[in-house]
Amino acid sequence: MLLAIIFIFLGLISIIIGISFYFIGATLILPFSFLEVFALVAAYFYNALHANDYERLRVDNKNVYFESQFGLKKREEVFTKSLARILPSEHNNLINLSQGQRNIFIGKYIHSTMRSLLEIEIKQALKS
């Protein structure tokens, strides 16, 4: 909520400055002020859309459950634990969880230096 108030305040300041210059005689400032406000609104909604992006991997005795959300797109996959494998990946160094022809790439939201530790942890969970 605080971020919305800050963005509204910045937009109002920009519009007030644009209107002031418009009445002084610099009429081309106002369209750029509206363009700036549009960019602020677009950035705010993009941030709000992706604020809850996540990946979740859960391993139980029989299955591996993968769930992710990117914007409005939600994805769920279920793998059989005994058939799931971690394969070498060249896809942006993401972790490749595979079962047969199905592949998912995990680790988009974790720092690249921590992905190898996550891969080891997943391999251990698949073995147990």
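What to note about this one:
- Residues of segment 34-85 classified as among the hydrophobic types (A, V, I, L, M, F, W, C) and touching a strand residue (DSSP E or B) at 6+ places or on another chain (Cβ under 7 Å), total: 7
- Against the list (1) modelled with pLDDT of 95 or more; (2) assigned to a loop (DSSP other than H, G, I, E, B), the condition Y65 fails is (2).
- Cβ-Cβ under 6 Å pairs, at least 6 apart or on other chains, segment 1-14 side surrounded by 11 or more Cβ atoms within 10 Å (Cβ to Cβ), far side among the aromatic types (F, W, Y): F7/Y44
- Those residues of segment 81-95 which are at pLDDT 90 or above and in a loop (DSSP other than H, G, I, E, B), in sequence order: K81, S82, L83, A84, L94
- Check on S98, among the small types (G, A, S), at pLDDT below 90 and either closer than 22 Å to N63 by Cα or out of contact with any Lys or Arg (no Cβ under 9 Å at 6 or more places or on another chain) (or both): no
- Matching residues, segment 44-62, being farther than 18 Å from R85 by Cβ and not in a loop (DSSP other than H, G, I, E, B): Y44, F45, Y46, N47, A48, L49, H50, Y54, E55, R56
- When segment 58-100 is limited to residues that are over 20 Å from the mean Cα position of the chain (by Cα), of a type in the set (S, T, N, Q) and surrounded by 12 or more Cβ atoms within 10 Å (Cβ to Cβ), the one that is farthest from S112 (Cα to Cα) turns out to be N63.
- Only one of E36, E76, E90 that is within 30 Å of I16 (Cα to Cα) and charged (D, E, K, R): E36
- Matching residues in segment 113-128 - criterion: being in contact with a Gly (Cβ under 9 Å, 6 or more places away or on another chain) and exposed (fewer than 13 other Cβ atoms within 10 Å of the Cβ): M114
The values are calculated or read from the model by the stated rules, or taken from the named source; none is laboratory data. Bear in mind that the values here come from a model prediction, so they are computed numbers and not experimental data. Cβ coordinates were reconstructed from backbone atoms using ideal geometry, including for glycine residues, and neighbour counts include every protein chain displayed.
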